[in-house]
Each structure stands twice: as C-alpha cells, then as structure tokens.
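A.B. asks: The structure's right below; bear with me while I get my questions together.
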Amino acid sequence: MAIKERMSGNEAIAYAMKQINPDVMPAFPITPSTELPQMVSNYIANGEMDTEFIPVESEHSAMSAAIGASSAGARTMTATSSAGLAFMWEVLYVAASNRLPIAMAVVNRALSGPININCEHSDSMGARDSGWLQIYAENNQEAYDNFLQAYRIAEHKDVKLPIMICQDGFIISHGVQNIELLEDDKVKNFVGEYHPEHYLLKEDEVCSVGPYAITNFGMEGKKAQAHAMDSAKKVILDVAAEFEKVSGRKYGLYEGYELEDAEYVIVAIGSVCGTIKDAIDELRSQGVKAGLMKVRVFRPFPAEEFTDAIKGAKAVAIMDRAESYSSQGGPLGSELMAAMYRGHLKAEAINIVYGLCGRDVNVAEIREVYAQLKDIEKNGAAGREYQYLGLRD
Amino acid sequence: MANLTEIRWHGRGGQGAKTAALLLADVAFSTGKFVQGFPEYGPERMGAPITAYDRISDHDIRVHSNIYEPDYVVVVDETLLSSVDVTNGLKEEGAILVNTAKDKSEIIPLLNGYKGRVFTIDARHVCMETLGKYFPNTPMLAAIVKVSNVLDQDVFLKEMEESLKHKFARKPEVLEGNMKALRLALEEVH
C-alpha cells in the first residue's frame, strides 16, 4: 500500500534521498541551494541515513567533491539551485565527460539579474549542453518519482551519465501538496545496489579518471558521450515501465494530455502543465480540441517522439520559462522547431516565453494562448513567432 | 472542481502567515482532503507584506497559479489594510477575516466597498490570555476554519492536538497553551 502524505517538493526529494541512502552527498548547505541539503543532513544526524555528508564551501566544490566520490566508486548525489548550479558550470562538464552517474536535485530558479530568487528554468536550461541527462517534473509527486528512477537510468551500462532531476522553484519546491510515497523496501529493491564496472578504488584494476586527450582521441570521447545520450532514451522508457510495476504510475519521455485528437497544442515543461490541464478541461467542455504535450525528458532530446506526438496539430505554442537572447525564443522553442522542420511538420508554431523571475501564469492566460492558436490556424503566425506572455504594458 | 475552497493570507514577514497556511493545508490533508499550501515569496525580511495561499478540495488539484478570486481572505496584520488591496478578487459569497481589536464597523470602511461577510478576531487578546506571547497564526488558523467551515471544528481540534503533540513532544506546556488558544479563538471570532 502506498503511503499517503503531504510534502513540499523539497521534502519529497529529501525523502527519496533518504530512502535511496547513497554513499556520499557533498553539498553547499545554504543559499543559493535550497533547504534540501539541510533536510538530508537532518536525516543523517538522526541516524536515518548513513550517507557521508560533506558540507563544502561552495557549489564548485560540491560538484568537484561529487566527481571525486563518484570516480572512487561511490553512489553520489548532490542538490543545488540557481546561482549554485551556475557556479558548478566548469565541473558539470567534467562529471559528464568522465561518465560519472551522479544524481543531482535541481530546484529551478532564476539567475541574476535583477536579483531574484523565484522560479525560472534558465539555470538548468543554461546547462543543457553540459552532457547531463535532464528530467523535469510537474509536481512534487513527479519530482519524487523521477528521483527514484534517476540512478537506474544514470548508472545503466549503456548510459553512465550524470542526471539532473529538476523541479520548479518555490511553486513546487516550497509548496505543500498531497503525495504518495513508496515503502522503503520497495524503493531499495527498485533502485538496487551500485556495482560500477571501473572505479579508482577497485583493488584488482588500475585505472585513471579524467586524463588528458588532445586531438588524438578527444573527439571520440565526445562522440561516445553523444552516443550514450542517445541510448538513454530507451533506458529511460525501460526504467519507467519497471517503475510503473512498483508504483502504478506511468511515465514516458513526454506526457500527452488530451493530445491524440488535439488541433491546438501547447508544449511546456514543469508546473505550468497542471495549469494548462485545467484550461484544457474548460476548453474541451466548450468543444475546443485543445491538448498538451508535457516534456518530461529534455536531455536526451527526444526529437522524433516529440514531433510524432504533435504531428496532428494545426497550431502549436511552445512555452519556455527561460530566455536565450537568440532573438528566436527559448531553448525548448528553438530545439523543437528545428525538430519539427526535420520531421516535415506543417503546423504553424509559435514560441512563448513566460514566467520569468517567477511571474505567475494562470488558467485565463493559458486560455488566451489557445485562442491565439485558433487565430493563427486561420491567419498564420507571421511576425509573432516569438513573444512574451503576461508582460506589463 | 465545485467543492474547491481557495484561501488567501495576507501578513507581514515574521508573523507566521506562511506557517499558518501550511498548517491549514496539513490539517486538511489529515482529514482526507487534497490540498495545496504555498507562499508567494517577495522580499524576505521581517515586516514586509507577504501572501500565502491554500487550496482545499475533494479532488486532485493540478493548477499551479496564485489565487486571484479567493473564497476567503485572512488578514493577519490590520496595518496592511491601508497599503494592500486585500479584498481584490474576493468572492462576495465568501468572507474576509481581519485580526484587530477594533470594532467591525471601523474595519468595514477600509475594505474598498467589499459587500460580503466580514469577521474580526483580536488575536493578540487570545494569545495573551492563553500563550502569554503574541503568535497570531494560531488563533487566525482556528478562526478561518470556523469562518470558512472548510473543516468540522471538532475534527480540526482533534487533528491539531495530534499534530502539536507530535511537534512538541518534549514541551507539553506548549501543547496546552496552543489548544487553549485554538478553542478561545473559535469562541472569539465574529
């Protein structure tokens, strides 16, 4: 029987970390990180976990220590947010290129400036080219479930890549909502023990982690990383199928909501998807064929699966909670539009930047987006492919 | 979502409005409801106006926006009435609850013409009688439960006792004072 609880997103992830009980957690214990490392260190202080907690002096050190621990053969996790993730930048690439399956809980918050602590995806979206897997959640339940699946994906022999489990800052991380937890033994059985193939502390094998590679082999290393990223798609689906058996909850690369026969489709990531679902229910009751494709997995980017899912749409609005300053829109918009072009999709598509610096989005604004899609189907999208939602006049 | 109740809290940083909103979500959860309790973070400093929200429903709650048309509004600090439009969007069939020692007739003119029901409670008086210290969130929590009728009062008291017992296992005197504050608040709100 599932355990019914109410928790914030941060509490849910901390609980998942407690249940997984990895070997090492280096983390910066205060802002810009959230209360998450503090919650985990409480579990450790109370003897409920035996993870080695390393309170480091910066986020750069947190990731560096995580790389050291993971290289040594330890199952390693950390948590961060916003400027903390930005401060890890240099070493994020080291973790990925050394194929270290570190799991990191990311609470998505804005990067300065203006100085702002609220929800935005610019932190993890900025790290999208670092070689980390990225999975996003709509709510606390998904954040918890995604973290339980993280190591199974990251440690898989066909993948061996670090993974970010992302949730929306404050909206999910600090909002309390109902959740169903799995029992400890079920989690333990599902996640399993970590037995790395190669690691520094392996007695009967000498190996080196992070060696110098110039023109001779450097490029092959990158290609191998890209290949592992491709392989992750299948692994993510396999792990989700197994997770469904223990939890009853279904996950994929994306979630379609009223998507099958949808003429007007919004594509989005994170907590806004719950708000979109409520808008869709209203519109459907009025006969409008509105639908949602919620992106769960952003790295790897499931281009074929995404375009396949929206190929029946007449008009598509792709929503980004991050600005790329490319004059073309946000990261999801740019990548999905490129995929739509290669998939020969004929639908009109617009890119909407929303929710920057925590700007709220409500059901009425989402209804307006669908109304705009209807209009675009008739009159075309010319000149307004990229716009802001909810901007002050 | 016909049975969805939405509550907006207005307070000042440090008064516990956020904690009260989360506590209400907590206690509603323990009676089997679906809940959302969340703060809107502005400047993080003592005394700055803050807003917190509760959604309580018999069904799963998916929407993740702030609450613009609340059924109920709780004002933890009456000095906010002059600077924050606390009745903005408040449904007329709903109600507003204000923490004040003043008479209701003095508060109503400050509510921008709000036509719904108005309730007041002197949370400072309740706190001083029962806790000896001013923690307005405890009486405000009980008062909004009574005003909104979102939970049965006896069930509310029972659940609060359980939760406080757990929280203050080593300080039974805190439990007693808080329970007294909750009961007195239920009597003194009108």
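A.B. asks: Do we find a residue being at pLDDT 95 or above and touching a Gly at 6+ places or on another chain (Cβ under 6 Å) anywhere in the stretch A:337-351?
C.D. replies: yes
A.B. asks: Here is a follow-up. Tally the residues that are in contact with a Lys or Arg (Cβ under 8 Å, 6 or more places away or on another chain), part of a loop (DSSP other than H, G, I, E, B) and more than 16 Å from A:Ser271 (Cα to Cα), restricting the search to the stretch B:32-67.
C.D. replies: Going through the stretch B:32-67 one residue at a time, the tally reaches 4.
A.B. asks: Just a yes or no: is a residue in the stretch B:10-21 under 17 Å from B:Val118 (Cα atoms), of a type in the set (S, T, N, Q) and more than 9 Å from chain A (Cβ to nearest Cβ)?
C.D. replies: The answer is no; no qualifying residue exists.
A.B. asks: Let me ask another. Could you grab me the full set of residues in the stretch B:68-94 that are aliphatic (A, V, I, L, M) and assigned to a strand (DSSP E or B)?
C.D. replies: Passing the criteria: B:Val73, B:Val74, B:Val75.
A.B. asks: Sticking with this one: Suppose we keep only residues that are without any contact (Cβ under 8 Å) to a residue 40 or more places away in the chain and out of contact with any strand residue (DSSP E or B) (no Cβ under 6 Å at 6 or more places or on another chain) within the stretch B:10-37. Which one would you say is surrounded by the fewest Cβ atoms within 10 Å (Cβ to Cβ)?
C.D. replies: Restricting to residues being without any contact (Cβ under 8 Å) to a residue 40 or more places away in the chain and out of contact with any strand residue (DSSP E or B) (no Cβ under 6 Å at 6 or more places or on another chain), the top hit is B:Gly32.
A.B. asks: In the stretch A:267-280, is there at least one residue being outside the structural domain of A:Val107 (by TED's automatic domain parsing), closer than 21 Å to A:Gly312 by Cα and surrounded by fewer than 17 Cβ atoms within 10 Å (Cβ to Cβ)?
C.D. replies: no
A.B. asks: Hey, another quick one. Yes or no: the stretch A:8-31 includes at least one residue that is among the hydroxyl-bearing types (Ser, Thr, Tyr) and modelled with pLDDT under 95. Give the derivation first.
C.D. replies: At the first step, the residues of the stretch A:8-31 found to be among the hydroxyl-bearing types (Ser, Thr, Tyr) are A:8, A:15, A:31.
Okay, now just the ones that are also modelled with pLDDT under 95, so A:31.
Checked against the condition, which is being among the hydroxyl-bearing types (Ser, Thr, Tyr) and modelled with pLDDT under 95, the stretch A:8-31 yields at least one hit.
A.B. asks: For the condition modelled with pLDDT of 95 or more and more than 11 Å from chain A (Cβ to nearest Cβ), what is the one hit in B:Asn66, B:Asn99? Can you show your working first?
C.D. replies: Working: B:Asn66 fails: more than 11 Å from chain A (Cβ to nearest Cβ).
The conditions single out B:Asn99.
A.B. asks: Here's something else I'd like to know. Give the stretch A:213-249 a look and list any residue that's free of Cβ contacts under 8 Å to residues at least 60 places away in the same chain, in a loop (DSSP other than H, G, I, E, B) and in contact with a helix residue (DSSP H, G or I) (Cβ under 9 Å, 6 or more places away or on another chain), or say none.
C.D. replies: A:Ala213
A.B. asks: While we're here: Tell me yes or no: at least one residue of the stretch A:194-202 is part of a strand (DSSP E or B), aliphatic (A, V, I, L, M) and either in the same structural domain as A:Leu336 (by TED's automatic domain parsing) or surrounded by 14 or more Cβ atoms within 10 Å (Cβ to Cβ) (or both). Can you show your working first?
C.D. replies: Of all residues in the stretch A:194-202, those part of a strand (DSSP E or B) come to none.
No - not one qualifying residue is present in the stretch A:194-202.
A.B. asks: For the stretch A:234-257, what are the residues that are more than 19 Å from A:Asn189 (Cα to Cα), surrounded by 18 or more Cβ atoms within 10 Å (Cβ to Cβ) and not hydroxyl-bearing (Ser, Thr, Tyr)?
C.D. replies: A:Leu253, A:Glu255
A.B. asks: Quick check: is even one residue across the stretch A:315-324 away from chain B (no Cβ under 14 Å), closer than 25 Å to A:Arg128 by Cβ and β-branched (Val, Ile, Thr)?
C.D. replies: Yes, some residue in the stretch A:315-324 is away from chain B (no Cβ under 14 Å), closer than 25 Å to A:Arg128 by Cβ and β-branched (Val, Ile, Thr).
A.B. asks: Would you call A:Ala110 closer than 22 Å to A:Val40 by Cα, surrounded by 23 or more Cβ atoms within 10 Å (Cβ to Cβ), of a type in the set (A, V, I, L, M, F, W, C) and modelled with pLDDT of 95 or more?
C.D. replies: Taking the combined requirement at face value, the residue does not satisfy it.
A.B. asks: Of all the strands (runs of 3 or more DSSP E) wholly in the stretch A:1-70, which have at least 1 residues that are more than 30 Å from B:Val27 (Cα to Cα) and small (Gly, Ala, Ser)? It would help to see each step written out before you state the result.
C.D. replies: Numbers: elements: A:3-8, A:24-27, A:52-55.
Hits in the stretch A:1-70: A:24-27.
The values are calculated or read from the model by the stated rules, or taken from the named source; none is laboratory data. None of the values given here were measured: they were computed from a predicted structure. For neighbour counting, all protein chains shown are included, and Cβ atoms are generated from backbone atoms with ideal geometry for every residue, glycine included.
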